[in-house]
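The values are calculated or read from the model by the stated rules, or taken from the named source; none is laboratory data. This structure is a prediction, so every number in the text was calculated from the model and none was measured. All Cβ positions, glycine included, derive from the backbone under ideal geometry; neighbour counts span all protein chains shown.
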Amino acid sequence: MARRLGVGLIGSGFMGRAHALAFRSVGTVFELELQPELELIADVDEAAAAAAADALGFGRATGDWQALIADPAVDLIAITAPTHLHREMVLAAVAANKPVYCEKPLAGTLAHAREMTAAAEAAGIATLVGFNYLKNPIAQVAREIIAGGEIGEIVSMRGVHAEDYMADPDAPITWRHDPVGGGVIADLGSHIVSLARYLLGDIAEVSATLRTVHGSRPVAPGAAERRAVTTDDDAHMLVRFAGGAEGTLSASWVATGRKMQLAFEIAGTRGSLAFTQERFNELKLYRAGQEPGRDGFTTITSGPDHPDYAPFCPAPGHQLGFNDMKVIEVKALLTALADGTMPEPGFAEATEIQRVVEAARLSAGEGTWIAVQDV
């Protein structure tokens, strides 16, 4: 029989709901040694927490996240609170000797990310950070194609994460605009950096520009009062990978019309790959040397021959969804906890991603290339 794992979730917004759905679904999709139980949820106050517990299926609720971490029935801490709150929550969870599943970006600053990573490593705590797009079976196929040399030596990568949820200048200011660790370079940029590192390895140098498109925003929906915005809305990086490839990585939350363009094109000496999250069950593969007039990209459609797809559906082309990637992420976490291994990407990898983001900030400020190892 599966062993029980009591889950404590901090935060019930969009990502909190995604976590809850994943924890509730994972045991029905995958056979696991650990069976998560939705034990306790914390939110901004008792009323919000109680409403979230009813909606998401948690047994109990609290308005005190510290009480959640200390609760003896809670074995795993899942954190989906705003980024600037992560440090205090993570350090408390580590002090309580409990594994931590934290949403990205890990911290508001690189210094905080390093502090959290050092604390977790010193205590031997298992950690996972929610870069869930890495768990897409098609992303795993792309990584295998590159690592296996199928498209030759990698020459370049063009990557972008563009959405438009901040395109309206009258959209209210949020915690994402916090000058400490905020802006699109941290929010969306961390996703395309994580994917670039997952596929091509370390990023050695960056040269970046960051731009604030809308200089002020309402303090609340429909409010006349506005507050100055100093964080970036649009970010662009030239990058050099340690393996020799070069390319561009961009992030924007003011890309009018784009809803989920997490996309890349990777060119090699014998072929290319192309992908967009807006059609994330498909990977385009081009192989050099095809017959003229008959050459072109082949579409690889996700199916049961790809890792983690078959438990959802035995037939190819039936499509996974966003929340299914979160289920796969939770499966990887629970499997690692059962095996006594460290999940990936953990705090150490999240800190390396944040290091690239910080290098981009420094580069934009100084107007020069920045070596990531120097940050």
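If you go through segment 333-346 one residue at a time, do you hit one that is out of contact with any strand residue (DSSP E or B) (no Cβ under 9 Å at 6 or more places or on another chain), closer than 27 Å to ALA2 by Cβ, surrounded by 15 or more Cβ atoms within 10 Å (Cβ to Cβ) and not basic (Lys, Arg)? Among the residues of segment 333-346, not one is out of contact with any strand residue (DSSP E or B) (no Cβ under 9 Å at 6 or more places or on another chain), closer than 27 Å to ALA2 by Cβ, surrounded by 15 or more Cβ atoms within 10 Å (Cβ to Cβ) and not basic (Lys, Arg), which makes the answer no.
Looking at segment 175-184, can you tell me whether even one residue there is touching a residue at least 40 places away in the same chain (Cβ under 8 Å), closer than 20 Å to ALA162 by Cβ and among the aromatic types (Phe, Trp, Tyr)? Scanning segment 175-184, I find no residue that is touching a residue at least 40 places away in the same chain (Cβ under 8 Å), closer than 20 Å to ALA162 by Cβ and among the aromatic types (Phe, Trp, Tyr), so the answer is no. If you go through segment 200-237 and pick out every residue that is assigned to a strand (DSSP E or B), surrounded by 13 or more Cβ atoms within 10 Å (Cβ to Cβ) and not charged (D, E, K, R), you end up with 12.
Exactly one residue out of ILE138, ILE145, ILE125 is among the β-branched types (Val, Ile, Thr), over 21 Å from the mean Cα position of the chain (by Cα) and at pLDDT 95 or above, and it is ILE145.
Inclusion of ASP232 among residues that are of a type in the set (D, E, K, R) and within 19 Å of PRO82 (Cβ to Cβ) is warranted.
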